[in-house]
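Mind looking over this structure? Questions follow.
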């Protein structure tokens, strides 16, 4: 299953354009972390290294990547910010995961 990316993906400031292009072509990095959504997962988001995301067992899962960061701490902070932004426009977290998944290519 090909990796899907949110159309307006959040990117950490220290990511280089070439790294993002290589990720989209199927190269994973241990030091770049993806914030992912998966419709059938019990969690709202999952954070994993892009290297882990590209492993065979994860490729069989229907993930959409909505953000990329150079460290896990930044990815966690981004999740909190994404949730805050969502709640400014919505009354609850209902539909959040589906929104990001459905707007991924």
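The values are calculated or read from the model by the stated rules, or taken from the named source; none is laboratory data. Remember, predicted model here, so these are calculated numbers, not experimental data. Note: ideal-geometry Cβ built from the backbone for every residue, glycine included; neighbour counts use all protein chains shown.
Would you pick out the residues in segment 22-45 that are under 19 Å from residue 8 (Cβ atoms) and outside any loop (DSSP other than H, G, I, E, B)?
Answer for segment 22-45, where residues must be under 19 Å from residue 8 (Cβ atoms) and outside any loop (DSSP other than H, G, I, E, B): 23, 24, 33, 34, 35, 36, 37.
Go through the residues of segment 83-93 one by one and say whether even a single one is in contact (Cβ under 8 Å) with a residue 40 or more places away in the chain and surrounded by 12 or more Cβ atoms within 10 Å (Cβ to Cβ).
Checked against the condition, which is being in contact (Cβ under 8 Å) with a residue 40 or more places away in the chain and surrounded by 12 or more Cβ atoms within 10 Å (Cβ to Cβ), segment 83-93 yields no hits at all.
Can you name the condition, by its number, that residue 86 falls short on among (1) part of a helix (DSSP H, G or I); (2) closer than 15 Å to residue 41 by Cβ; (3) in contact with a helix residue (DSSP H, G or I) (Cβ under 7 Å, 6 or more places away or on another chain)?
Residue 86 satisfies all of (1) part of a helix (DSSP H, G or I); (2) closer than 15 Å to residue 41 by Cβ; (3) in contact with a helix residue (DSSP H, G or I) (Cβ under 7 Å, 6 or more places away or on another chain) except (2).
Can you name the residue in segment 12-21 that is part of a loop (DSSP other than H, G, I, E, B) and in contact (Cβ under 8 Å) with a residue 40 or more places away in the chain and is also nearest to the chain's Cα centre (by Cα) among such residues?
12
Moving on. Consider only pairs whose beta carbons are under 7 Å apart and that are at least six residues apart or on different chains; among these, list those whose first residue lies in segment 28-43 and is at pLDDT below 90 and whose second residue is loosely packed, with under 12 Cβ neighbours inside 10 Å.
39/98
Testing residue 22 on (1) modelled with pLDDT of 95 or more; (2) surrounded by 15 or more Cβ atoms within 10 Å (Cβ to Cβ), one condition comes back false. Which one is that?
(1)
Next question. Taking residue 68 as the residue in question, decide whether it is within 12 Å of the chain's Cα centre (by Cα), in contact (Cβ under 8 Å) with a residue 12 or more places away in the chain and surrounded by 14 or more Cβ atoms within 10 Å (Cβ to Cβ).
yes
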